[in-house]
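In what follows, a structure is listed as structure tokens, so that the remarks can point back to it.
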Amino acid sequence: MKGRIHSLQSLGAADGPGLRYIVFMQGCPYRCVYCHNPDTWATDTGEEYTADAIIERVMRCKTYFGKDGGVTVSGGEPLLQAAFVRELFTELHERGTHCVLDSSLMMDGEDARALISEADMILADVKFTDDERVQTLCGGSLAALERNLELAARNEIPVVTRTVIVPGLNDSDTELEGLAAFTKRYPNIVKCELLPFRKFCIEKYRMAGILFPLEQTPEADKAAVKAMEIRLSELRKNI
Ligand code: SF4
């Protein structure tokens, strides 16, 4: 089996514990209004790799992983090629490598469930906590995210949630309280990260001839988002 890959990064420190080899899968069926990687959307671009070809590259870096590091598969949306990523995780586990899945978790199906169950840790992009905005601003399904978070909870897989904070869209106290209540439903959520909305992607949209829906929206203030993250942690403790 081959997987369609957008890019490979030898050692990343921002997507899971320790130093990690990052595999960015090509293809995403969603259209989040703030997406900074529109170049990962198409399902017919990128480069095809077998799991073995990726593992060979990973093993060259293994010495840098230490006790915490490993491999993170991100995207695009990795659940779109769930059977391939599961094969990759299975073979990495045979080599004692820690595997993180970075996904929106908005996709159902047997392969998706099997992959989620195989992960050692999940970075879950919680876009919004109401189905209407998940549908209209991302084209996804909150119900599928909820089912997949429940599956991860049943399997006791640690989950770190990530939410992009967009000024005027989800930066209010009410939004934060909603996110605290939503994430508190799942006992395996170990941390909730908030990421400031950025517009470094504008050039990618222009080059692709795609309209960036938030071109006129201001970027989020990094310090303000950090303060929101601390407040979110306090809110979660008090529920
Ligand atoms: S799921 Fe990720 S890659 Fe896909 S549109 Fe949303 S932000 Fe972009």
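Laboratory data are not the source of any read-out in this text; all were calculated from the coordinates shown. Fair warning: this is a prediction, and the values are worked out from it, not measured in the lab. Cβ: placed from backbone, ideal geometry, glycine included. Neighbour counts: every protein chain shown.
Observations
- Test: residue in the range 185-199 that is in a helix (DSSP H, G or I), of a type in the set (Lys, Arg), within 24 Å of residue 231 (Cβ to Cβ) and over 18 Å from the mean Cα position of the chain (by Cα): no
- Options 123, 92; residue that is within 24 Å of residue 164 (Cα to Cα) and of a type in the set (A, V, I, L, M, F, W, C): 123
- Residues of the range 161-182 that turn out to be without any contact (Cβ under 8 Å) to a residue 60 or more places away in the chain, surrounded by 15 or more Cβ atoms within 10 Å (Cβ to Cβ) and β-branched (Val, Ile, Thr), as a count: 2
- Taking the listed residues 15, 102, 68, 44, the one that is surrounded by fewer than 20 Cβ atoms within 10 Å (Cβ to Cβ) and in contact with a Pro (Cβ under 8 Å, 6 or more places away or on another chain) is 68, with no other qualifying.
- The listed residue being in contact (Cβ under 8 Å) with a residue 24 or more places away in the chain and of a type in the set (Gly, Ala, Ser), out of 96, 66: 66
- Every residue from the range 18-32 that is under 13 Å from the mean Cα position of the chain (by Cα) and either surrounded by 24 or more Cβ atoms within 10 Å (Cβ to Cβ) or within 9 Å of the ligand (Cβ to nearest atom) (or both): 23, 25, 28, 30, 32
- Cβ-Cβ contacts under 9 Å between residues 6 or more apart (or on different chains), taken from a first residue in the range 11-36 that is free of Cβ contacts under 8 Å to residues at least 12 places away in the same chain to a second residue that is part of a strand (DSSP E or B) and within 16 Å of the ligand (Cβ to nearest atom), are listed as 14/22.
- Within the range 108-121, the set of residues being surrounded by 24 or more Cβ atoms within 10 Å (Cβ to Cβ) and without any contact (Cβ under 8 Å) to a residue 40 or more places away in the chain comprises 112, 115, 119.
- Of all residues in the range 38-50, one or more are within 15 Å of the chain's Cα centre (by Cα), within 14 Å of the ligand (Cβ to nearest atom) and among the polar types (S, T, N, Q).
- Within the range 199-212, considering residues that are of a type in the set (D, E, K, R) and surrounded by 14 or more Cβ atoms within 10 Å (Cβ to Cβ), the one nearest to residue 40 (Cα to Cα): 204
- Summed over the range 126-145, residues that are under 30 Å from residue 94 (Cα atoms) and either surrounded by fewer than 22 Cβ atoms within 10 Å (Cβ to Cβ) or touching a residue at least 60 places away in the same chain (Cβ under 8 Å) (or both) total 1.
- Residue check for residue 35: over 14 Å from residue 138 (Cβ atoms) and either more than 10 Å from the ligand (Cβ to nearest atom) or outside any helix (DSSP H, G or I) (or both): no
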